[in-house]
Amino acid sequence: MADVRTHSHQLQVHPQRQHEGGIKVLYPQSGPSSTQVLAVFAGVPVGGTLLTIAGLTLAGSVIGLMLAFPLFLIFSPVIVPAAFVIGLAMTGFLASGAIGLTGLSSMSWVLNYVRRAGEHIPEELEEAKQRLAGMAEYVGQRTKDAGQTIEDKAHDVRETKTFDVRDTTKGNVRDTTKTHEVRVAST
């Protein structure tokens, strides 16, 4: 059989604020202030005048271009290379300025780095002196050890052994005692 369950749901109701949109938000209930009115009266004529001047300038530019177009067409073999050369010259000036500015900023960075490094040089110099003294002590000890090793080997070489050598050159057997040095290799 079908199991029927009942669920209880709660519904929460939150009070909503009334939306006051439109012009009531921008202006207080009493109307615009005197400053806002003066701004509108001063802004409209100035803005209108500037907009009119912009339109007249655009119209004059278009008329001048239409009148100068035949001249541009006639003189284009001269104007195009001249514009190209002027463009290259301007690019060169801008590139040299950018490279100069980069050089100045890098020199400034180097000078600041040297100034900051100058503050730490005495500590680093003292540390280098201590490392150098330690290395000199180490090299001195190693030299002394090497000298001792050489002296021991030289002492071992001086040790000699004597033994009998029989002279059998003419059939005679003569006892002759000769001294030969034998080097003993020490490890």
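The values are calculated or read from the model by the stated rules, or taken from the named source; none is laboratory data. Everything quoted here is computed from the prediction, not taken from an experiment. Here the Cβ is made from the backbone with ideal geometry for all residues, glycine too, and neighbour counts use every protein chain on show. Only protein heavy atoms, including side chains, enter the accessible area calculation; ligands, DNA and RNA are left aside. Shrake-Rupley method; radii C 1.70, N 1.55, O 1.52, S 1.80 Å.
Within the option set R183, R116, R131, being modelled with pLDDT of 90 or more, open to solvent by 70 Å² or more (accessible area, probe 1.4 Å) and outside any strand (DSSP E or B) holds for one residue only, R131.
From the list G31, G55, which residue is out of contact with any Lys or Arg (no Cβ under 8 Å at 6 or more places or on another chain), without any contact (Cβ under 8 Å) to a residue 12 or more places away in the chain, at positive phi and open to solvent by less than 90 Å² (accessible area, probe 1.4 Å)?
Working: G55 fails: at positive phi.
After applying the criteria, what remains is G31.
Against the list (1) at pLDDT below 90; (2) open to solvent by less than 60 Å² (accessible area, probe 1.4 Å), the condition G140 fails is (1).
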